[in-house]
1. So which chymotrypsin sites (Phe, Trp or Tyr not before Pro) in the range 104-198 pass both tests, a DSSP loop state and at most 10 other Cβ atoms within 10 Å of the Cβ?
2. Enumerate by residue number the GluC sites (Glu not before Pro) in the range 142-231 meeting two conditions: DSSP loop (anything except H, G, I, E, B), and at most 11 other Cβ atoms within 10 Å of the site's Cβ.
3. When we measure straight from the Cα of residue 213, which aspartates and glutamates land under 19 angstrom away, once same-chain ones fewer than 8 places off are left out?
4. Add +1 for every Lys or Arg and -1 for every Asp or Glu among the other residues with Cβ under 15 Å from the Cβ of residue 301, and state the total.
5. At most 14 other Cβ atoms within 10 Å plus a DSSP loop assignment makes a site exposed; report the longest stretch of the chain without any exposed trypsin sites (Lys or Arg not before Pro).
6. Counting other Cβ atoms within 10 Å, keep those with at most 13, restrict to DSSP loop, and tell me which GluC sites (Glu not before Pro) in the range 31-129 are left.
7. What percent antiparallel are the DSSP beta bridges of the chain, to the nearest 5?
8. As a check on your grasp of the helix formula, calculate [θ] at 222 nm for the chain: sum -39500 (n - 2.57) over DSSP H runs of n ≥ 4, divide by the residue count, round to the nearest 500.
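Every number here is computed from the coordinates shown, using simple stated rules; none is lab data. This is a predicted model, so every value here is computed, not measured. Note that each Cβ is placed from the backbone with ideal geometry, even for glycine, and that neighbours are counted across all protein chains shown.
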Amino acid sequence: MISLGIESTAHTFGIGLIDSEGNVLANERAVFTTEEGKGGMIPAEVAEHHTFVFKDVLSTALKKADLTLDDVDLISYSQSPGIGNCLKIGAMLARTLASTYNKPIIGVNHCIAHLEIGKLLSEAKDPVFLYASGANTQIIAYKGGRYRIFGETLDIGIGNFIDSFARYMGLGFPGGPKIYDLSLKAKNYIELPYVVKGMDVSFSGLLTNLKQKYNSGTYSKEDLAYSLQETAFAMLVEVSERAMGHCGKQELLLGGGVASSLRLQDMCKNMCRDRGAKCFTLKTDVNVDNGLMIAWLGLLEYKAGKKMSITESDIKPYLRTDQIDVFW
Ligand code: ATP
Ligand code: FE2
């Protein structure tokens, strides 16, 4: 059985193809980017981008997998959460393909898809999941039939926070890799606000503080980049470690675009080593938003008996990780 997954929650339009044994057949994407110095994403512009690129991304993915749409057995798409304008494009394509080719359709949750692809492509069995991406920052673990959120950001996501500061310093988008490169040339650690409230984290005060320090002209970009990482990542490690202790879990799985940061990976590995736990990381093409994870979660749900009609195949921009029953 072959599943085709469509990802369109935010800036990335992706198509993935996977079979029921978990063999990766294709994982293609096109990413909307903004020019250096420009502000963030405008939903209507991103959605327009997706309408331009979907045809090419789809045909490239099928070509790489050496398949046609007739060979596909299931159409999966990201149904939640995300930017409404963008989600609509993926759902539209999914409905069109499902009805034209007479295939079953399944809408899935993007955050859980990040987690499930991580379980497939790593040795993790029952991990605490540190989901560190652009818009989302959550510490998730399975308990009592659901993926529970044990901690999360109270304001902006870690990636958006890093990207905002990178843009502020004129580094362009995406900021994560640029901040990382700068950090390697740092000479000093600058003390920054460290904000952990219970199990939650907050980055907006840290962002304001970094901007003020940058404007003061007293600190180098390199030192600011380094200190940003040390502070913000330490906050994530602290909360992840506490979730592991609370749930009694011995595995940590990293996912989301920021989980590609070698510094965050290092810090998590050190923490896990200290507590005799295992740390699993993924390759960048499955850390960032991708269609493959959507294809895989759709397949898991379909095999467990989920059915969705075309009229049910809507979008749910605000549906949260912990509102979904894990029945597969
Ligand atoms: P989501 O919808 O899952 O919340 P998203 O669509 O905004 O997230 P992703 O594609 O998962 O995002 O991740 C994008 C983020 O990852 C950006 O903030 C980018 O700066 C960051 N990023 C990408 N690669 C790296 C890297 N190598 N190191 C650090 N950060 C990175
Ligand atoms: Fe994502």
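1. none
2. Of the GluC sites (Glu not before Pro), the ones in loops of the range 142-231 whose Cβ has at most 11 other Cβ atoms within 10 Å are 191.
3. Cross-link targets: 163, 191, 222, 223, 230.
4. Around residue 301, the charge tally is +3.
5. In the chain, the maximal stretch lacking such sites is 188-274.
6. When the GluC sites (Glu not before Pro) of the range 31-129 are filtered for loop state and at most 13 Cβ neighbours within 10 Å, 35, 36, 123 remain.
7. Of all bridge pairs located within the chain, approximately 60 percent are antiparallel.
8. That comes out to -14000 deg cm²/dmol.
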